[in-house]
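Laboratory data are not the source of any read-out in this text; all were calculated from the coordinates shown. Since the model is a prediction, treat every value here as computed from it, not as a measurement. Glycine gets a Cβ as well: all are built from the backbone with ideal geometry, and neighbour counts include every protein chain shown.
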Amino acid sequence: MPKAGIHPQYIETSFLCGCGANHLLPSTMGGTVNVDICKECHPYFTGKKREVDTAGRIDKFRARQAAAQAA
């Protein structure tokens, strides 16, 4: 028998993706949550390859590689 009063409340929460998709799911967070990637745009589900460059991470990596090879 589960204990009463110890389980969190599940509230309808809006998950807004960077691609523009909006998903309404039950969550303990409530309100609106911004996410970077969802099932509508994730490469696993779409079958398309996508390179995600967050704040120039790929450029920084290539610059470090070039500096290491020059040294």
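Distant-in-sequence amide contacts of residue 13, defined by a placed amide H-H separation under 5 Å and a gap of 5 or more residues or a different chain, comprise 25, 27.
Picking from 69, 5, 20, whose Cα lies most toward the positive end of the charge dipole for the chain (charges on Cβ: Lys, Arg +1; Asp, Glu -1)? Ranked along the dipole, the leading option is 69. In degrees, nearest 10, range 0 to 90: what is the angle between the Cα axis of helix 57-70 and the longest Cα principal axis of the chain? Helix 57-70 sits roughly 30 degrees off the main axis of the chain.
Mean separation of Cα pairs under 8 Å and 6 or more residues apart, divided by the residue count, gives the chain a relative contact order of 22 percent. A helix-only calculation puts the chain at -7000 deg cm²/dmol for mean residue ellipticity at 222 nm, using -39500 (n - 2.57) for each DSSP H run of at least four residues, averaged over all residues.
Between residue 71 and residue 37, the contour length at 0.36 nm per residue exceeds the alpha carbon distance by 8.4 nm. Here the 3J(HN,Hα) profile of region 30-40, calculated from phi with Karplus coefficients 6.51, -1.76 and 1.60 at θ = phi - 60°, is x, x, 10, 10, 8, 10, 7, 8, 9, 5, 6 Hz, Gly and Pro shown as x.
Work out the length of the dipole vector of region 11-70 about its Cα centre, built from +1 on the beta-carbon of each Lys and Arg and -1 on the beta-carbon of each Asp and Glu, and round it to the nearest 20 debye. Here region 11-70 has a charge dipole of around 360 debye.
When volume of the Cα convex hull per residue in Å³ is computed from the coordinates, the matching label among (i) 189; (ii) 303; (iii) 160 is (i).
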